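Below: the structure, in structure tokens.
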């Protein structure tokens, strides 16, 4: 749900909200230009009980998201290489 997509010239990075358990978490996956999924079912970027806003991908190397109601806590980021 609510995917965000970035491209670094080699691969795409797709991040999304995912309800795999009882809470909405942020997952991501890399996809090659040949449409090959590089990270299986995706990797967890952020998990936990806090309400998460949809991910944003300003750069290929960073995935950002907000935690808490109405983004009440500072945005967070993860770097994936």
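I'd like to check something: does the stretch 40-61 contain any residue that is at pLDDT 80 or above, loosely packed, with under 14 Cβ neighbours inside 10 Å and more than 9 Å from the chain's Cα centre (by Cα)? Yes - at least one qualifying residue is present in the stretch 40-61. Out of the stretch 19-29, which residues are over 12 Å from residue 2 (Cβ atoms) and in a loop (DSSP other than H, G, I, E, B)? Hits for the stretch 19-29 are 20, 21, 22, 23. When the residues of the stretch 30-39 are narrowed to those that are in a loop (DSSP other than H, G, I, E, B) and in contact with a strand residue (DSSP E or B) (Cβ under 8 Å, 6 or more places away or on another chain), which ends up farthest from residue 55 (Cα to Cα)? The selected residue is 33.
Quick check, is residue 32 surrounded by fewer than 18 Cβ atoms within 10 Å (Cβ to Cβ) and at pLDDT 85 or above? Talk me through it step by step, then tell me what you get.
On the way: surrounded by fewer than 18 Cβ atoms within 10 Å (Cβ to Cβ): yes; at pLDDT 85 or above: yes.
Against the criterion (surrounded by fewer than 18 Cβ atoms within 10 Å (Cβ to Cβ) and at pLDDT 85 or above), residue 32 qualifies.
Limited to the stretch 1-18, what total is found for residues that are touching a strand residue (DSSP E or B) at 6+ places or on another chain (Cβ under 7 Å) and assigned to a strand (DSSP E or B)?
Summing the residues that are touching a strand residue (DSSP E or B) at 6+ places or on another chain (Cβ under 7 Å) and assigned to a strand (DSSP E or B) in the stretch 1-18 gives 11.
Please verify whether residue 78 is at pLDDT below 80, part of a strand (DSSP E or B) and buried (at least 16 other Cβ atoms within 10 Å of the Cβ), treating the condition exactly as stated. Yes, satisfied. Residues in the stretch 19-29 that are in contact with a strand residue (DSSP E or B) (Cβ under 9 Å, 6 or more places away or on another chain) and loosely packed, with under 11 Cβ neighbours inside 10 Å: 1 in all.
The values are calculated or read from the model by the stated rules, or taken from the named source; none is laboratory data. As the structure is a prediction and not an experimental result, all values here were calculated from the model. Counting neighbours? That spans all protein chains shown, and the Cβs are built from the backbone with ideal geometry, glycine included.
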